[in-house]
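**Student:** Have a look at this one before I ask anything.
The values are calculated or read from the model by the stated rules, or taken from the named source; none is laboratory data. Source: prediction; values computed, not measured. Cβ placement follows ideal geometry from the backbone for every residue including glycine, while neighbour counts extend to all protein chains displayed.
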Amino acid sequence: MALAKYFPHSTKIDFVGARYFAFSLTGILFVAVLISLFVRGLNYGIDFEGGILIEARHAERIDVAQVRTKINALGLGDAQIQHAGGDRAVVIRVEKPPGDETAQARAIDKIKTALGPGYNFVRQEFVGPKVSATLFRDGMIAVGIALIMIAIYVAIRFEWQFGLAGFVATAHDVTMALGVYSITGLEFDLTAIAALLTLAGYSINETIVIFDRLRENMRRYKKTDFKELVNISVNQNLFRTMMTGGATLIAVLPMLIFGGDSLFAFTLAIVFGIVVGTYSAIYVSSSLLIYMPTVRRWREEKDEKAIAAEKARA
């Protein structure tokens, strides 16, 4: 908190005046992401591409890094190793080997031999393309439902115009994060779906804070131009928005730097999403309300009805 005094708390930045630049930048990035998705696509991981899955247990603690070294030395392609239900069980996922069922069985035997004695193999199975396609479809449906439910929540808490603006801003952030996986070629798996859902929640949280301040100012300054109200509200929350994003980055950056390969794709998407989410909360979501003049008119009509009702009761 001692560092907070060195940051400006009262700013008068014309964010609304820069909205055309912000919208242009957003449009360019959005088009770049779409081109990458259509041209490069996504580098599907084992969850969505299919492969071999093995769950093994040991009487003693299993060193995941050591297991990963042994599996990578086999040259079976991409492999994912993680603890399951404690540090004495491990789940190994290896991409689909070329060939028929004999080649798959041979790959499983290689993994068992590499692990050595003392392991109890609880489960070993082959994840086929149909199952992988179902996982991908369900994952993307989950992201879509999350965005829709977020929009409904914001619309109920505020007005439908806020819900629409929040949906566009959140979808923008999720799409940008999806573009990170496509442009960089990072593996897109179930962990990536978790990253997208996490970003959706973070993004809408920052947007709602600004929306809430804007609603308060609409009630307080009823004669002020709506564009000025947006500038006032964003400036009033700018310090909090920047500090929240900075604190979150401080917590996530060590995972990006020291988390290793297994967490790199997840944390990179989170880091990029925090930056984009902060940008969209400041420039995109609130500025979109400017093009919905019914927000101001609806509020004035509601206030007039409330005043009339109070006079009637009196």
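**Student:** Within the stretch 11-127, considering only helices (runs of 4 or more DSSP H) that don't extend past its boundaries, which have at least 3 residues that are modelled with pLDDT of 75 or more?
**Tutor:** Answer list for the stretch 11-127: 19-39, 64-72, 101-115.
**Student:** Mind checking which helices (runs of 4 or more DSSP H) fall wholly inside the stretch 218-291 and carry at least 3 residues that are closer than 19 Å to residue 12 by Cα and among the small types (Gly, Ala, Ser)?
**Tutor:** Correct list: 285-288.
**Student:** Moving to a separate point now. Looking at (1) outside the structural domain of residue 122 (by TED's automatic domain parsing); (2) surrounded by 14 or more Cβ atoms within 10 Å (Cβ to Cβ), find the lone condition where residue 80 falls short.
**Tutor:** (1)
**Student:** Output the residues belonging to the stretch 149-167 that are crowded, with 16+ Cβ neighbours inside 10 Å and either aromatic (Phe, Trp, Tyr) or within 18 Å of residue 197 (Cβ to Cβ) (or both).
**Tutor:** Within the stretch 149-167, 150, 151, 154, 158, 160, 162, 166, 167 qualify.
**Student:** Here's something else I'd like to know. Take the residues of the stretch 203-217 that are touching a residue at least 40 places away in the same chain (Cβ under 8 Å) and buried (at least 19 other Cβ atoms within 10 Å of the Cβ): which is nearest to the chain's Cα centre (by Cα)?
**Tutor:** Filtering first and then ranking leaves 203.
**Student:** Right, another one. Could you pull out the residue among 146, 200 that is surrounded by 14 or more Cβ atoms within 10 Å (Cβ to Cβ), touching a Ser or Thr at 6+ places or on another chain (Cβ under 7 Å) and not aromatic (Phe, Trp, Tyr)?
**Tutor:** Of 146, 200, the one residue that is surrounded by 14 or more Cβ atoms within 10 Å (Cβ to Cβ), touching a Ser or Thr at 6+ places or on another chain (Cβ under 7 Å) and not aromatic (Phe, Trp, Tyr) is 200.
**Student:** Here is a list of conditions, (1) of a type in the set (Val, Ile, Thr); (2) touching a residue at least 60 places away in the same chain (Cβ under 8 Å); (3) surrounded by fewer than 13 Cβ atoms within 10 Å (Cβ to Cβ), and residue 134 meets all of them except one; can you say which number that is?
**Tutor:** Among (1) of a type in the set (Val, Ile, Thr); (2) touching a residue at least 60 places away in the same chain (Cβ under 8 Å); (3) surrounded by fewer than 13 Cβ atoms within 10 Å (Cβ to Cβ), the lone unmet condition for residue 134 is (2).
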